[in-house]
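Here is the structure we will look at.
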Amino acid sequence: MINKVILLGRLGKDPLIKHLDNGRVVANVTLATNDYYTKDGQRMESTEWHNLELWDNHAKMAEKYMRKGNVLYVEGKIRTDKYTDSEGNEKQIKKIRVLQMQMMGGMNRQENDEGFEERSSGSSQGGYEQEQRTYNNNDDYRHEPNDPEEDKLPF
């Protein structure tokens, strides 16, 4: 059986980081993905929100580099947590346990006070980001060139 999720979206807020007593670190992040379709001749957009859970080295990377609005590519698996609310009702929440992630550096743009776009990290040449942060569950952190065509994605 396969339980695999692949997402590319924007962070909805800064990561929530928790340092646990046993030395482990966990980060919770919300990720927005967009879906486009046509209805009655009009282009429509639908946004889906995903709860991501990152552990240990992934969580440390999130704490150090991730901010609201950053574009993030993740691979992971769906997990269901069950809990009882304050009224005694059993509830479930679905989340994505991230196994591999990659920050999409060329897509992380912010406007400065004068309305000009600035890169949130790295250097630029010819208007495109020169690096991406890649991090997977093998503790492998490397820089790779960015594809300028990625900036043309609709989200």
Legend entry - Members of the stretch 25-43 that are within 23 Å of residue 73 (Cα to Cα) and not hydroxyl-bearing (Ser, Thr, Tyr): 25, 26, 27, 28, 29, 31, 32, 34, 35
Inset, instruction - Scan the stretch 13-31 for residues that are small (Gly, Ala, Ser) and surrounded by fewer than 16 Cβ atoms within 10 Å (Cβ to Cβ) and jot them down. - result: 23
Inset, instruction - State whether the residues of the stretch 28-37 include one that is touching a strand residue (DSSP E or B) at 6+ places or on another chain (Cβ under 6 Å), under 14 Å from residue 96 (Cα atoms) and aromatic (Phe, Trp, Tyr). - result: no
Inset, instruction - Scan the stretch 22-67 residue by residue and report those that are outside any strand (DSSP E or B) and hydrophobic (A, V, I, L, M, F, W, C). - result: 59, 61, 62, 66
Legend entry - Filter pass, residue 25 being without any contact (Cβ under 8 Å) to a residue 60 or more places away in the chain and either aliphatic (A, V, I, L, M) or in contact with a Gly (Cβ under 9 Å, 6 or more places away or on another chain) (or both): yes
Legend entry - Condition met for residue 67 (surrounded by 14 or more Cβ atoms within 10 Å (Cβ to Cβ) and charged (D, E, K, R)): yes
Inset, instruction - Please list, ordered by first then second residue, the pairs with beta carbon atoms under 9 Å, 6 or more apart or interchain, first in the stretch 38-58 and free of Cβ contacts under 8 Å to residues at least 24 places away in the same chain, second loosely packed, with under 10 Cβ neighbours inside 10 Å. - result: 43/37; 44/37; 44/38; 45/37; 45/154; 46/37
Legend entry - Filter pass, residue 6 being without any contact (Cβ under 8 Å) to a residue 24 or more places away in the chain and either part of a strand (DSSP E or B) or out of contact with any helix residue (DSSP H, G or I) (no Cβ under 6 Å at 6 or more places or on another chain) (or both): no
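Each row is one residue, and each column tells you yes or no for (1) under 23 Å from residue 13 (Cβ atoms); (2) surrounded by fewer than 16 Cβ atoms within 10 Å (Cβ to Cβ); (3) touching an Asp or Glu at 6+ places or on another chain (Cβ under 6 Å); (4) modelled with pLDDT of 95 or more.
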position: 35; (1), (2), (3), (4): yes, yes, no, no
position: 38; (1), (2), (3), (4): no, yes, no, no
position: 53; (1), (2), (3), (4): yes, no, no, yes
position: 74; (1), (2), (3), (4): yes, no, no, yes
position: 83; (1), (2), (3), (4): yes, yes, no, no
position: 99; (1), (2), (3), (4): yes, no, yes, yes
position: 133; (1), (2), (3), (4): yes, no, no, no
position: 139; (1), (2), (3), (4): no, yes, no, no
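The values are calculated or read from the model by the stated rules, or taken from the named source; none is laboratory data. What you see is a predicted model, and the numbers here were worked out from it, not measured in a lab. Note that each Cβ is placed from the backbone with ideal geometry, even for glycine, and that neighbours are counted across all protein chains shown.
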